[in-house]
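Here the structure comes first, spelled out in structure tokens, and everything after it is commentary.
Nothing in this text is a laboratory measurement; each read-out follows from the coordinates by a stated rule. Just so we're clear, the structure is a prediction, and the values are computed from it rather than from any experiment. Positions of Cβ are backbone-derived with ideal geometry, glycine not excepted, and every protein chain shown enters the neighbour counts.
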């Protein structure tokens with residue numbers, strides 16, 4: 001899939017299930033074959049931030065995720081590790097009750113991105129309202145959105161100008177993944193303002 005869509009997506013996310021099943025060798029494999037490809041490792045770090053981030057970055061990840069529900073010390077440790085090698089940290093706000101407040105807190109800690117993320121278990125839900133609320137209070141925040149993203153939701157979230165839109169099954173399950181990427185890009189009202197399309 002990465003080979004098929006090389007040059008068409010900006011970021012390749014290696015999801016938590018893949019990393020749990022295959023280990024960090026999956027990161028190394030992608031970076032070896034596609035050294036210029038930005039790789040997001042969805043570690044969902046909850047503990048031992050610096051140590052676990054070092055594992056991701058050591059394998060070649062450019063961005064690693066840490067949960068917003070983690071302690072501030074865990075997030076700051078992840079950020080410190082990222083800064084050592086010029087990498088980035090995305091804080092996943094999944095299951096955080098007050099996403100607006102927490103997004104402000106983690107940005108002060110040094111998070112590069114905050115991600116509003118709908119869990120796959122919550123079928124029929126989406127994070128559009130969370131995206132809007134965070135954007136309203138933080139006009140310059142680098143926000144990502146993930147979970148159940150398809151063309152209609154992409155179109156709806158475009159006015160909030162997310163930095164990254166992470167699309168999974170709509171692309172990977174499509175009969176023509178390249179066409180699916182084109183369809184996603186075409187649905188942005190403000191495409192030039194959205195920085196990256198991520199393949200999950």
- Message: Students often get this wrong: which residues of the stretch 88-128 have the backbone nitrogen under 14 Å from the point 7 angstrom along Cα-to-C-beta of residue 183?
- Response: none
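From the helices alone, meaning DSSP H stretches of at least four residues, give me the mean residue ellipticity at 222 nm for the chain, per-run term -39500 (n - 2.57), in deg cm²/dmol to the nearest 500.
-11500 deg cm²/dmol
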- Item | Separation between Cα centres of the stretch 31-83 and the stretch 93-147, rounded to whole Å | 18 Å
- Message: I'm spelling it out carefully: the read-out is Cα Rg over 2.2 N^0.38 Å, the candidates are (1) 0.95; (2) 1.03; (3) 1.63, and one was derived from this structure. Which label?
- Response: (1)
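Relative contact order for the stretch 124-174: what is it in percent, counting Cα pairs under 8 Å that are at least 6 residues apart? Walk me through the numbers on the way to the answer.
Numbers: 49 pairs, mean separation 20.1, N = 51.
Taking the mean separation of contacting Cα pairs over the length of the stretch 124-174, I get 39 percent.
Tell me, what is the percent relative contact order of the chain, built from C-alpha pairs under 8 Å that lie six or more residues apart? Don't skip to the end; give the middle numbers.
Details: 386 pairs, mean separation 35.4, N = 200.
Averaging sequence separation for qualifying contacts and normalising by length gives 18 percent for the chain.
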- Taking the stretch 1-112 and dividing mean pair separation by its residue count, relative contact order in percent (alpha carbons under 8 Å, at least six apart): 21 percent
- Item | Residue order, fewest to most beta carbons within 10 Å, for 1, 90 | 1, 90
- Task: Tell me the label-point distance for the pair residue 71, residue 155, using the 7 Å Cα-to-Cβ offset, in nm and rounded to one decimal.
- Result: 4.7 nm
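Please compute the length gained on full extension between residue 122 and residue 140, using 0.36 nm multiplied by the number of residues separating them and subtracting their Cα-Cα distance. Please report the intermediate quantities before stating the final value.
Numbers: separation 18, 0.36 × 18 = 6.48 nm, distance 2.87 nm.
Gain on extension, residue 122 to residue 140, equals 3.6 nm.
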- Label-point separation in nm, residue 29 to residue 175, each point 7 Å along Cα→Cβ: 2.8 nm
